[in-house]
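Participant: Starting off with a structure, shown below.
The values are calculated or read from the model by the stated rules, or taken from the named source; none is laboratory data. Computed from a prediction, not measured in an experiment: that's the story for all the values here. Positions of Cβ are backbone-derived with ideal geometry, glycine not excepted, and every protein chain shown enters the neighbour counts. Calculation scope for accessible area: heavy atoms of the full protein, side chains included, ligands and nucleic acids excluded. Shrake-Rupley method; radii C 1.70, N 1.55, O 1.52, S 1.80 Å.
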Amino acid sequence: MSTRLSVVMIAKNAADLLPDCLASVAWADEIVVLDSGSTDDTVDVARAAGAKVFTDTDWQGYGIQRQRAQGYATGDYVLMLDTDERITSELQQAIQAVLSSPQPGAVYSIARRNYFLGRFMRHSGWYPDRVMRLYERERYQYNDNLVHESLSCDSAQVIPLRGDLLHLTCRDFASFQRKQLNYATAWAQERHQRGKKASLTGIFTHTLGAFLKTLLLRGGMLDGKQGWLLAVVNAQYTFNKYTELWALCRGYSEKT
């Protein structure tokens, strides 16, 4: 029997992003979309494209929501996607080659090309930005992290695939900033729940470190104007994370 592929994604208010995303994986055996309570046409768009659509509004973080979404899949392998990602033809061919001759226990990594303010970045730590997204459904799943979740596969052999995953990370700066702030808040809350703390000195050292790492160590200068802007954005994100954790530890911010 042939190896079946389930494309799995979580979504909320992504009606504008879904058509291109779903079109890029129309060749898969199954597409599963778990909606988190959209108020736009996300559900209708997904169903019109032939996806199996489910809804779960009991949001407990990205990791758990991905676990729930995977629970609806029936394929032998899972390809986990975000609604702002697209599969290139070269990557499609690489995935299909894996499915024709899978290696038991292996997890496959994919290079993402991240889009930032009009440019697909080639440096700045944003490329190749390998992520583990193709794996056996019954063997692996995502961890429980509220944010920055990852696949739990510590002992697995990781095999890189050819081709890129296009990621429309930042098409609109204001929306991107709101998402970054939400990520920073979730990160701080998760660390606070684990008893982690932040100092005033740590806030500024981590912030400066994030700027220099992006610009110099990760070659942000080679990405032109966007590289400089991304270095500032990464520093701002880091500042928000550690300042929120500092505030939570001192009762200056609301716990959830």
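Participant: State to the nearest 20 debye the size of the charge dipole of the chain about its Cα centre, where the only charges are +1 on K and R beta carbons and -1 on D and E beta carbons.
Facilitator: With Lys and Arg at +1 and Asp and Glu at -1, about 1020 debye.
Participant: With a 1.4 Å probe and all protein chains in place, put Trp59, Trp187 in order of accessible area, largest first.
Facilitator: Order by accessible area, largest first: Trp59, Trp187.
Participant: Right, something else. Can you give me the pair-distance distribution of the chain, C-alpha pairs, 10 Å bins, whole percents?
Facilitator: 7, 27, 35, 24, 7, 0
Participant: Please compute the per residue accessible area over the chain with all protein chains in place, 1.4 Å probe, rounded to a whole number of Å².
Facilitator: It amounts to 50 Å² per residue over the chain.
Participant: Just to be sure I follow the definition: excluding the sites themselves, where is the longest run in the chain that has none of the GluC sites (Glu not before Pro) in a DSSP loop with at most 13 other Cβ atoms within 10 Å?
Facilitator: 1-137
Participant: Going by accessible area, probe 1.4 Å, with all protein chains left in place, what is the ranking of Trp27, Trp228, Trp126, largest first?
Facilitator: My answer, sorted largest first, is Trp228, Trp27, Trp126.
Participant: A further question on this structure: GNM on the chain, C-alpha springs below 10 Å: top fluctuator among Thr42, Thr57, Thr238?
Facilitator: Thr57
Participant: For the range 106-147 and the range 75-102, what is the centre-to-centre distance using only Cα atoms, to the nearest Å?
Facilitator: Taking the Cα centre of the range 75-102 as reference, the centre of the range 106-147 is 12 Å away.
Participant: What is the spin-label model distance, in nm, from Leu212 to Arg119 if the labels are put 7 Å beyond Cα along the C-beta direction?
Facilitator: For Leu212 paired with Arg119, the spin-label model returns 2.3 nm.
Participant: Please check which bits of the range 72-107 a label hung off Glu138 would reach, taking the label as a point 7 Å along Cα-to-C-beta and the cut-off as backbone N under 18 Å.
Facilitator: Under cut-off, by backbone N: 72-79, 99-107.
Participant: Also, I was wondering about something else. Which percent of the accessible area of the chain is formed by carbon and sulfur heavy atoms (probe 1.4 angstrom)?
Facilitator: Solvent-exposed carbon and sulfur of the chain make up 50 percent of the total.
Participant: Keeping all protein chains in the complex and leaving out DNA, RNA and ligands, what accessible area do you get for Ile64 with a 1.4 Å probe, in Å² to the nearest 10?
Facilitator: 40
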